[in-house]
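Note sheet for the following structure.
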Amino acid sequence: MIDSGALLADAQRLLDALETDLRRQVDTLPAVHGRLRAEYLRAYAADRTCASWLDWLDGRVGQAAAAWFLGTVFVRFCEDNGLLTESFLAGPTPERRALAEKRTEEFHREYPYETARGWLLTAFDEIAQVPASAPLFARRHSPLYQIPVSHDAASRLIAFWRRSGPDGGPVHDFTHPDWDTSFLADLHENLAGHTRASHRPARTPVFVADLLLDLTLTPALAGLTAEPAGPAPPATASPAEPAGLAGLRLIDPACGAGQVLLAAFDRLLAAWRASADGPASERERVRLALASLHGVDVDPAAVAVTRFRLLVAALRAAGVPTLAAAVRDRFGLRIAVGDALRERPLAGPGRQPTAYDTEDLHELPDVLAPGSYHVVVGHPPAGPVADARDAAHYRERFAACTGPTPAAGDDQLDVAVPFVGLFTTLARRGGPDGGHGAGYFGLLTAAAAVTARPGAARVTRHLTRQVELTHVIDTSAAAIPGQERPGVLLAGRNASPDPGGSVRVVLATQPEP
């Protein structure tokens, strides 16, 4: 079973070495340097970034290092838990490790011009054969294909996983009877410093995810089975969308390591099992539950972790023992890399494309469609927006919350504020008849960003006049792992406020914890 602490300690040293190698690769490979430089200049011209070339490159190098490391973590997890029938790097026993070493030697005899990097890519291709896991190693978008590690670094990466402990087994054993992937949440949090994420990832404990879903998904599911008679509200979603449970759409627009989406998957699968109209096949129920889930994150490492965790959860729920056995399954993961706070990254007349090569959000046009979601839920990051161009764009797009210009004394925008606007905007707008059809929103965010900062009056006005706020829960005195700043949980519906309605407020007793 995996020892998270030992893995994190080893990962730090390995990631430092990978970054050093990848920087050398950028400097010595003209094609790689030229492609990255051109991408940076396009982004700068399109107002996507105001970072210097070296700062921007540091971020891309960190993303590539994380991608190479995570790719091997995914391989090791699949090897140790039987999802891969053949060994590539090691295995849970000395015999499996010896088999991996033998297969590596046979690969080099068959392809004498290939190196250790080629063997790693072969292992990644084996996982990518399953349609649902193909985006993990998409050659057009994965950071690991943007900057290749050197052959020597690839050899060291393989050797890292083949180390044995005192009992002869691997130093890092990923075997788990329930295929538990929670260690990846710790790993993702640890990777933030290497990926130069614009904001520290907001880790979401299971109990927080459950509370958010209790306030959003639970009433949304109840509403789908007991909708009142009356005209349907205007909707921006396609008129041909499925009805009932099959048409439910849920999104976490800052999904991080995927804890909220994993908890939502379990609940949706349970709903399909309990549905009288549901399919008899468990695999089909799993497919339908996944079809309702959407996620976005600006960090490619976060999206990779979320995709992998959802894939493993789906295979386990469907009773699929190996990746090869899932090749024909229609499991789809609509989880994308991109900045959810920006408009769709499409090129307009005379404008340059604003999507980075590592982003694929523009390839999923139904993800982030405004006013199309029954549930918008998550734990978005908080903290100052470091990039001035991002801040200007967020202020313009979410003026109702941020104002088009900075408020007096509030020159630096906190990213928590535009996320409040995004969550409410994505939810379906309710009709005039009591908010019929309104989508639910729920988020845990930084309290100061929406209550104490100079510009907070706009957020308060938006929450009290434009939407139906139902819950305000002060979590500042609660022991929430990973929450460094006092938080507040906000929940409600995207409907006109009910003059006769009420807002349930839970406040902490200060200063007692």
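The values are calculated or read from the model by the stated rules, or taken from the named source; none is laboratory data. Computed from a prediction, not measured in an experiment: that's the story for all the values here. Cβ sites come from the backbone with ideal geometry, for glycine too, and all protein chains shown count toward neighbours. Please note that ligands, DNA and RNA were not included when accessible areas were found on the heavy atoms of the full protein model with its side chains. Shrake-Rupley method; radii C 1.70, N 1.55, O 1.52, S 1.80 Å.
Annotations
- Angle in degrees between helix 282-291 and the longest Cα principal axis of the chain, rounded to the nearest 10: 60
- Rg followed by Dmax, in Å, when region 245-398 is reduced to its Cα trace: 17.0, 53
- Charge tally in the Cβ shell below 12 Å around PHE74, where Lys, Arg are +1 and Asp, Glu are -1, PHE74 excluded: 0
- Taking each residue as 0.36 nm, the span from ALA280 to LEU29 lengthens on full extension beyond its C-alpha to C-alpha distance by 84.9 nm.
- Rh by Kirkwood over Cα pairs, then Stokes-Einstein D for region 430-506 at 1.306 mPa s and 10 °C, µm²/s: 120
- Near ALA438: Cβ cut-off under 10 Å, other residues only, Lys/Arg at +1 and Asp/Glu at -1. The net charge is +2.
- With both residues required to sit in the chain, DSSP beta bridges show an antiparallel share near 45%.
- Protection-proxy order for peptides 156-166, 368-378, 205-215, each taking the mean of Cβ atoms within 10 Å per residue, highest first: 368-378, 205-215, 156-166
- Where labels lie 7 Å past Cα in the beta-carbon direction, separation of ASP178 and ALA325 in nm: 2.0
- Protection proxy ranking, highest mean first, for peptides 266-274, 495-503: 266-274, 495-503, where packing is the per-residue count of other beta-carbon atoms within 10 Å, averaged.
- Burial ranking of peptide ranges 71-80, 416-425 (average Cβ count within 10 Å, highest at the top): 416-425, 71-80
- Applying the Karplus relation 6.51 cos²θ - 1.76 cosθ + 1.60 with θ = phi - 60° to region 383-392 yields 3J(HN,Hα) values of x, x, 7, 6, 8, 4, 6, 4, 4, 5 Hz, where x marks Gly and Pro.
- Judged by the gyration tensor of its Cα atoms, with axes a ≥ b ≥ c, the chain is prolate; a/c meets the 1.5 cut and a/b is the larger of a/b and b/c.
- Counted charge near GLU468, where neighbours are those whose Cβ lies closer than 10 Å (Asp, Glu -1; Lys, Arg +1): 0
- Averaging 1/r over every pair of different alpha carbons in region 41-169 and inverting the result gives a Kirkwood radius of 16.1 Å.
- Helix 416-426 axis, angle to the chain major axis (alpha carbon atoms, nearest 10°): 80
- Extension gain (nm, one decimal) between ALA134 and ALA98, 0.36 nm per residue minus Cα-Cα: 10.2 nm
- Mean ellipticity per residue at 222 nm, deg cm²/dmol - from DSSP H runs of n ≥ 4 across the chain, formula -39500 (n - 2.57): -14000 deg cm²/dmol
- For region 31-171, the carbon plus sulfur part of the accessible surface works out to 53%, probe radius 1.4 Å.
- Computed extension gain for ALA478 through ASP498, at 0.36 nm per residue and net of the alpha carbon distance, reaches 4.2 nm.
- Förster-model FRET efficiency, 45 Å R0, GLN12 and ALA400, C-beta, rounded to 0.05: 0.60
- The overall shape of region 468-513, judged from the alpha-carbon gyration tensor, is oblate: a/c is not under 1.5, and a/b is no greater than b/c.
- Anisotropy class of region 1-97 from Cα gyration tensor, a/c 1.5 cut: prolate
- For the chain, the longest principal axis of the alpha carbon atoms and the long axis of helix 53-80 meet at an angle near 70°.
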